[in-house]
Amino acid sequence: MVKVAPSLLSANFACLKDDIEKIENGKADWLHYDVMDGHFVPNISIGAPVVASIKKVCNVPFDVHLMISNPLQYVEDFAKSGADIICFHAESDSDIGQTVDKIISLGKKAAIAVKPGTDIDVVLPYLDKLSMVLVMTVEPGFGGQSFMESTMPKIEKLRKINPDIDIEVDGGVNPETIKIAAKAGANVFVAGSAVFKSENPAKTIKLLKENALSVL
């Protein structure tokens, strides 16, 4: 199933509730949160209190992407704040197996993210416990980067191994690049600027879904 998950990082934080309503009314499937600690990636973004606040005014599932050095230490905070899917990086300092098990023990869906230069094989031992794998199509930490088509073989390999798992892409997704990712086997698409910076977010979400489906 094709899903579009607009990234909150590209929203207008001065009008956050209004922007969230636009994507919710526009049939966004999930809301994607980029959590950055200033250590694993250079930027700092939102934390668990913001997720908890938004949970009060938003009904779509929360896809929380932890770009932080020690996710194991913080998954409980994000679980309590309202995260539905908690995704952490294979390259982080936390033990991968322990972190996956902790997320699941909290009643949440577990996902692992890999940077563009990381081999997809790192996630294979945990596939039976994961609901999703996130293949970064840009280097994590900054918005507005160009889509890296060189990451598509990882998606193709993973899709052959597991036909049913959600495969998410994040970075440079727009109405054209979404076709490339969907053809490779991705089915969940994080779109930040493409949605929140568009004149009509609902129309953009519809177009993204149509374009992804057009190559399947």
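The values are calculated or read from the model by the stated rules, or taken from the named source; none is laboratory data. Just so we're clear, the structure is a prediction, and the values are computed from it rather than from any experiment. Positions of Cβ are backbone-derived with ideal geometry, glycine not excepted, and every protein chain shown enters the neighbour counts. Note: areas computed on protein heavy atoms with side chains; ligands, DNA, RNA excluded. Shrake-Rupley method; radii C 1.70, N 1.55, O 1.52, S 1.80 Å.
Overview of values
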item: Ranked order, 149, 21 - accessible area, probe 1.4 Å, largest first; result: 149, 21
item: Vicinal HN-Hα couplings computed from phi for the range 168-185 (Karplus, 6.51 cos²θ - 1.76 cosθ + 1.60; Hz; Gly/Pro x); result: 9, 10, 9, x, x, 7, 9, x, 8, 5, 4, 5, 5, 5, 5, 5, 6, x
item: Tail beyond 22 Å, pair distance distribution of the chain (Cα, percent); result: 44 percent
item: Global form of the range 130-195, assessed from the alpha-carbon gyration tensor, a/c cut-off 1.5; result: prolate
item: Carbon plus sulfur fraction of accessible area for the chain, probe 1.4 Å, in percent; result: 51 percent
item: Amide proton proximity set for residue 43, modelled H, under 5 Å, gap of 5+; result: 38
item: For the range 78-95, 3J(HN,Hα) per residue [Karplus equation, 6.51 cos²θ - 1.76 cosθ + 1.60, θ = phi - 60°, Hz, x = Gly/Pro]; result: 6, 4, 5, 6, x, 4, 9, 10, 10, 10, 10, 8, 4, 7, 5, 7, 6, 5
item: Nonlocal amide H pairs with residue 58, under 5 Å, H built at 1.01 Å; result: none
item: Rounded to the nearest 10 Å², the accessible area of residue 158 at probe 1.4 Å; result: 0 Å²
item: Lys, Arg +1 and Asp, Glu -1 on Cβ, resulting dipole of the range 60-216 about Cα centre, debye, nearest 20; result: 480 debye
item: Accessible surface, the range 1-66, averaged per residue in Å² (probe 1.4 Å); result: 44 Å²
item: Under 5 Å, built H, 5+ apart or other chain: amide partners of residue 137; result: 170, 171
item: Charge tally in the Cβ shell below 14 Å around residue 43, where Lys, Arg are +1 and Asp, Glu are -1, residue 43 excluded; result: -3
item: Entries of 160/206; 55/154; 17/157; 80/179 with Cα pairs more than 31 Å apart; result: 55/154; 17/157; 80/179
item: For the range 126-132, Karplus couplings with θ = phi - 60° (6.51, -1.76, 1.60), whole Hz, Gly/Pro x; result: 10, 4, 5, 9, 8, 9, 7
